[in-house]
Each structure stands twice: as C-alpha cells, then as structure tokens.
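Undergrad: Please read through the structure below; I'll follow up with questions.
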Amino acid sequence: QVQVVESGGGSVQPGGSLRLSCVVSGNIFTIYGMMWYRQAPGKERELVAGITSAGDSTSYADSVKGRFTISRDNAKKMLYLQMNSLKPEDTAVYYCRALAGLSYWGQGTQVTVSS
C-alpha cells in the first residue's frame, strides 16, 4: 500500500514564504517523477512544478517561476516545494503526485495567502 502525505501548508501574509513537504511510503522501488499541483476554489487543478527522478530537470508553471523551487530527496522519498514571495492568487489546496508506474496522489494541504 502506497501513501503520499503532504505537510507544511498554512496561512501566510502576502510576500511571505512556506515550505511544503511530501513523503512517499510503501512498496515503491523507484519514483520516476514527482510533481506539485494546486487547485483553487472554482478552478481546475493545475500543475505547479515537476522534477525528474534524478533531480536534474525541473519545470514550473509560468505563474510561479522565479518564486517557487521544487526539490527532492530520493533516499528519504520526499518532495519539497519552497514557496517565496507568496501572493493571494497562490491560495489553493496543494497536492503531491508521485509517478512510480502508477500515479499516486496525496490528500492535499491548504495554503492560504491573505493579509
């Protein structure tokens, strides 16, 4: 049984920072890729950032480029999203997705950016 669990969400003022974490547990030998998605109320879920298994290639949505940084620790099977210069429009539930043959999703963690 594979579990994906996010943490680190919370409430922050505009311009602030948060670091999201995602840990994958269970019978997985290789995680090929990991991604962060987010979904705001009334909006479709969108891909925020992705990283390859080797951590040598990353991609970001245009809306977060220069502000967010995705990274991973393969030994710990963890994924991170450092979010800086947060804006109200970043408010959403953030989801971790792991690709390991099949696709596994976390339950999401709420990020709220408001003054």
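Undergrad: Would you pull out the residues with amide H under 5 Å of Leu86's amide H, same chain only if 5 or more places away, H placed 1.01 Å from N?
TA: Here Gly15, Gly16 satisfy the definition.
Undergrad: Compute the accessible area per residue over segment 1-65, keeping the other protein chains in place, probe 1.4 Å, unit Å². Intermediate results must be reported in sequence, preceding the final value.
TA: On the way: 3740 Å² over 65 residues.
Ligands and nucleic acids excluded, the figure is 58 Å² per residue.
Undergrad: Enumerate the lysines that Lys43 could reach by cross-link, defined here as Cα to Cα under 28 Å, with residues fewer than 8 away along the same chain left out.
TA: Straight-line reach from Lys43, under 28 Å: Lys65, Lys87.
Undergrad: Give the carbon-plus-sulfur fraction of the accessible surface of the chain in %, rounded to a whole number; probe 1.4 Å, heavy atoms of protein chains only.
TA: On the way: 2940 of 6100 Å².
Percent of accessible area from carbon and sulfur atoms in the chain: 48.
Undergrad: Just to be sure I understand: with springs between alpha-carbon atoms less than 10 Å apart, which residue in Gly15, Gly33, Gly42 has the highest mean-square fluctuation in the Gaussian network model of the chain?
TA: Between Gly15, Gly33, Gly42, it is Gly42 that shows the largest mean-square fluctuation.
Undergrad: Using the Cα centre of the chain as the reference point, and only Cβ charges (+1 on K/R, -1 on D/E), how large is the resulting charge dipole? Debye, rounded to the nearest 20.
TA: On the way: 11 positive and 8 negative charges, 24 e Å.
Rounded to the nearest 20 debye, it is 120 debye.
The values are calculated or read from the model by the stated rules, or taken from the named source; none is laboratory data. Quick caveat: nothing in here was measured; it's all calculated off a predicted structure. So basically every Cβ, Gly included, is an ideal-geometry build from the backbone, and we count neighbours across all protein chains shown. Areas reflect the complete protein model, heavy atoms only, side chains present, ligands, DNA and RNA absent. Shrake-Rupley method; radii C 1.70, N 1.55, O 1.52, S 1.80 Å.
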